[in-house]
1. Need pairs with beta-carbon distance below 7 Å; first residue under 30 Å from residue 156 (Cβ atoms) and within region 166-195, second of a type outside the set (A, V, I, L, M) and outside any helix (DSSP H, G or I); sequence gap 6+ or separate chains.
2. What do you reckon, is residue 514 assigned to a strand (DSSP E or B) and under 29 Å from the mean Cα position of the chain (by Cα)?
3. Could you please give the count of residues in region 274-314 that are within 27 Å of residue 397 (Cα to Cα) and in a loop (DSSP other than H, G, I, E, B)?
4. I'd like to know if region 182-205 contains one or more residues that are buried (at least 22 other Cβ atoms within 10 Å of the Cβ) and under 17 Å from the mean Cα position of the chain (by Cα).
5. What's the number of the only condition in (1) part of a loop (DSSP other than H, G, I, E, B); (2) touching a strand residue (DSSP E or B) at 6+ places or on another chain (Cβ under 9 Å) that residue 533 fails to meet?
6. Considering each residue of region 414-429, count those that are surrounded by 18 or more Cβ atoms within 10 Å (Cβ to Cβ) and free of Cβ contacts under 8 Å to residues at least 40 places away in the same chain, and give that number.
7. Cβ contacts < 6 Å: first residue under 17 Å from residue 412 (Cα atoms) and without any contact (Cβ under 8 Å) to a residue 40 or more places away in the chain, restricted to region 511-537; second residue small (Gly, Ala, Ser) and part of a loop (DSSP other than H, G, I, E, B), any location; separation 6+ or different chain. Result?
8. Those residues that are more than 23 Å from the chain's Cα centre (by Cα) and either surrounded by 16 or more Cβ atoms within 10 Å (Cβ to Cβ) or in contact (Cβ under 8 Å) with a residue 40 or more places away in the chain (or both), I need them from region 53-64; list them, please.
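The values are calculated or read from the model by the stated rules, or taken from the named source; none is laboratory data. None of the values given here were measured: they were computed from a predicted structure. Every residue, glycine among them, receives a Cβ derived from its backbone with ideal geometry; neighbour counts consider all protein chains shown.
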Amino acid sequence: MKRIAECALIAAAAALFCVLLFKHLAYPLLWADEAETAMFGQRVLEHGYPKVHGARNVVYQFGPNIAVGVKEGSDAYIGTTWGQFYFAVPGLAWARGASDPYQRTFRVRLPFALAGAVGVGVWLLALLPVFTGEPARQRRFAAAFLLLSAASVSLILHLREVRYYALLVLLGGAIFRVHLGYAVYGRLGFRRWTLELALLLFLLFHCFFQAFFAFSGLLGLERAVAAARGRAAWRELAPFVAAGLLVAPWLVYFETFATASAFADAFSFSAADYAANLGAIVLHFLRHEFLAPALLARGLVLATGAGSARGRRVAGGLAAFAGGFVAIGCLNPLALERYFVVLSPLVTGVFLLDAFALVRWVTERAGATRRRLASAATVALIAGLTLALREPELDTLRGRLAEITTPYRGPLDFVIPYLLARQPDPEALVIATNYEECAFMYYLGSHVIIGLSLNNLVRDHQLEPDVVVPRGGYPRSLMQLRPFLERGSWEEQRFPVRDLHHNNVPALSRSRFIPDPHRFRTAATDDPEQQLRIYLRSSSAKRTGTSSSP
């Protein structure tokens, strides 16, 4: 009966996780970064690789200097590696059979969300061998892990994106399952570990090359330290050498170091900026993940020596890796929380490993008649402290519940369906907008000009758009729309939604890079000064709209 109850608890936690992840996957429409992935995926379908220039549209978000991040000759985009673009192809091919923009969005997002769900499962499988020979504890750990993963709204939101985040979680979990299987659990032989780890690191490079350097460097350092201390052989550096050899030609092809240097040159980065990055990421994990209770539990385990040697080794190793990953990741001038999403299941895992160790430590020291009471009291205390430490951010979980009850709609969710309904042939339109231009390319098939990076201005200003969509959050590119509105006759159309920075983003933490983080409720407004407005070229000789200034 107890086993049935534990299995039912696992099923309930998994169901809750799936509801929070997959419910209303079609909403909102793709925002800027997702739409870029979709458009490069479309180019893969058309050309076999992510080509920058198409028959009419330029897909390029790297900046005004289009010579950076573009391969000379083939016109391939090399600002990032291509794993996410190829992964998007099956969903994009499936989406071609749907005319409704939300059905298309669902079909493109579904493979990424499935990869994220599998990734969380792989992380769980990587940690369960800590309790080998204890099936009851494995079941309880699995239920707790899935429940806390469902409570991580930041993780849930990132796994729904048409971007590399879900793939990063999946590959990170697979890497640790293989590495722990060899280095700690002794379940894998040297050859299999070397082959699988090298292959996974190679795939990680093609998913998110910054993570490749962090994973390879940190895990390689761990093996080197173990070898120096006589706990491992120096040959155990083989998978990292092999992975380096595998990616070396691609480093040359993608001009990785030159491109990264050009990107970094756009920022003035100092020690103070690095400290600010560290503070922002740590604060995010304190507020939106389980870092605070994990640190408390980690300190108690270190003080008491609670838990098995295997459990302490796994939890300690994961904690050290997380610290190193953050230290390396914050060297990026643009340290965004999405770069660190792979640490979400890791931090959850460390917290639960230490919490389970503390429960056992207390229980073993209680009298036989008081063990159950001591165990229950310890679980209640840990749960209470966890809730207390996370209470200020419980609004995010309530927000996610509200979001799956009433789907969120952003600015694009108003303007794109409007243009689809109004225009019998949206592909014939020329649309000028200064942000999220790839969304108009993907959903409407229109010729879209200007954009955020302003990389084709001379040619763009030779055209006369049919529609102008100004977005006020980007004043530098907004100025490029004025010449169009100063000539010709326009009709203004307002929508009852605020002109936000993004259609929506998965980021929960406000920062200098994300001034408008994730919204759980539609930003409806009746204030005409805040409303999104677009301009449509008038068919009459006289101007029929209101002021044309964006």
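1. 168/208; 181/187
2. Numbers: assigned to a strand (DSSP E or B): no; under 29 Å from the mean Cα position of the chain (by Cα): yes.
No, not satisfied.
3. The number of residues fulfilling the criteria is 2.
4. Checking region 182-205: at least one residue is buried (at least 22 other Cβ atoms within 10 Å of the Cβ) and under 17 Å from the mean Cα position of the chain (by Cα).
5. Among (1) part of a loop (DSSP other than H, G, I, E, B); (2) touching a strand residue (DSSP E or B) at 6+ places or on another chain (Cβ under 9 Å), the lone unmet condition for residue 533 is (1).
6. Step one: of region 414-429, the residues surrounded by 18 or more Cβ atoms within 10 Å (Cβ to Cβ) are 414-416, 419, 426, 429.
Narrowing further to those that are free of Cβ contacts under 8 Å to residues at least 40 places away in the same chain: 426, 429.
Going through region 414-429 one residue at a time, the tally reaches 2.
7. From region 511-537, the pairs are 517/507.
8. 54, 56, 57, 58, 64
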